[in-house]
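The structure under discussion appears below in the form of structure tokens.
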Amino acid sequence: MVKGIEVTTLAEAYKQAIQYIIWNHREFETEDEELVWRSKDTLVLHVIDPSRNIGKLADYYPMGLGALDTYVDEILGRDDREVKNTADDFVYTYFDRLCKYEVLRNEKVVATDGVERHLTRYYEIDQINEIVKRLNASRSTRRACAITWKPYDENYTNLRSPPCLQWLKCEIVDDKLNMFTLWRSRDVLLGMGANIYAIHFLHTAIAARCQCAVGFYEDINVDAHIYYKRDGNYLKRWLQ
């Protein structure tokens, strides 16, 4: 089943998502042996005016405004910290996946001895730049998309921390840039707040490059959950 939450602001979307899982969940043990409350439904958040009262989100986010702003820098590639979020066993950042997406290509090379050989090389693609180019080339394009999943990595090597964000799409309707994101799995309490706050700044940056206003934001969560044991202290305020 699908649970749709339509609200005006990102703060209200975050708040209602947490409240929904608290009262509509199944207890679940993840493959990493973590205990979670998992939403009974796929959560779809539709935020009509994500720019409105954006700072209010910090009132609900357990880590505060400083952590949110640091995450914005990471999403936008302005974070010059050496480690970033890899201290938590993450081996990626969304900036890297969106703006430095590595593609494997097989190339045919003829050596000086005349022998033909095949080499596999990595190429980087700035998917956000490509989105902007597509939108500016055609306001009606349906192909302004980016992905984060790498089958050659996530399926075989990166088994600990494959990215939660899978897909991002932008469209321009009535001279407003709408954004959609799809999440394969989502820590709603500690993850969603930072995610939607930072991605809004990416949304705003793309809209500026396309010379249009910010439209709605739609956020699709296939596996929305809360770590009720691990994050019990943060959860207390919501249970009172």
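The values are calculated or read from the model by the stated rules, or taken from the named source; none is laboratory data. Here the structure is a predicted model, which is why all the values come from computation and not from measurement. Glycine also receives a Cβ, built like all others from the backbone with ideal geometry; neighbour counts cover every protein chain displayed. The accessibility values were calculated without ligands, DNA or RNA, using every heavy atom of the protein model including side chains. Shrake-Rupley method; radii C 1.70, N 1.55, O 1.52, S 1.80 Å.
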So how many residues does segment 104-131 have that are open to solvent by less than 80 Å² (accessible area, probe 1.4 Å) and not in a loop (DSSP other than H, G, I, E, B)?
11
Pull up segment 83-103, narrow it to residues that are open to solvent by 70 Å² or more (accessible area, probe 1.4 Å) and either in a strand (DSSP E or B) or modelled with pLDDT of 65 or more (or both), then point me to the one that is nearest to Thr181 (Cα to Cα).
Lys100
When restricted to Cys212, Cys170, Cys164, Cys145, the only residue hydrophobic (A, V, I, L, M, F, W, C) and in contact with an Asp or Glu (Cβ under 6 Å, 6 or more places away or on another chain) is Cys212
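Each row is one residue, and each column tells you yes or no for (1) in a helix (DSSP H, G or I); (2) within 15 Å of Met192 (Cβ to Cβ); (3) open to solvent by 80 Å² or more (accessible area, probe 1.4 Å); (4) modelled with pLDDT of 95 or more.
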| site | (1), (2), (3), (4) |
| --- | --- |
| Ala17 | yes, yes, no, yes |
| Ile22 | yes, yes, no, yes |
| Trp37 | no, yes, no, yes |
| His46 | no, yes, no, yes |
| Ser51 | no, no, no, yes |
| Leu57 | yes, yes, no, yes |
| Gly77 | no, no, no, no |
| Arg81 | no, no, yes, no |
Helices (runs of 4 or more DSSP H) lying entirely in segment 132-240 (those with 3 or more residues that are in contact with a helix residue (DSSP H, G or I) (Cβ under 8 Å, 6 or more places away or on another chain) and open to solvent by less than 40 Å² (accessible area, probe 1.4 Å)):
193-209
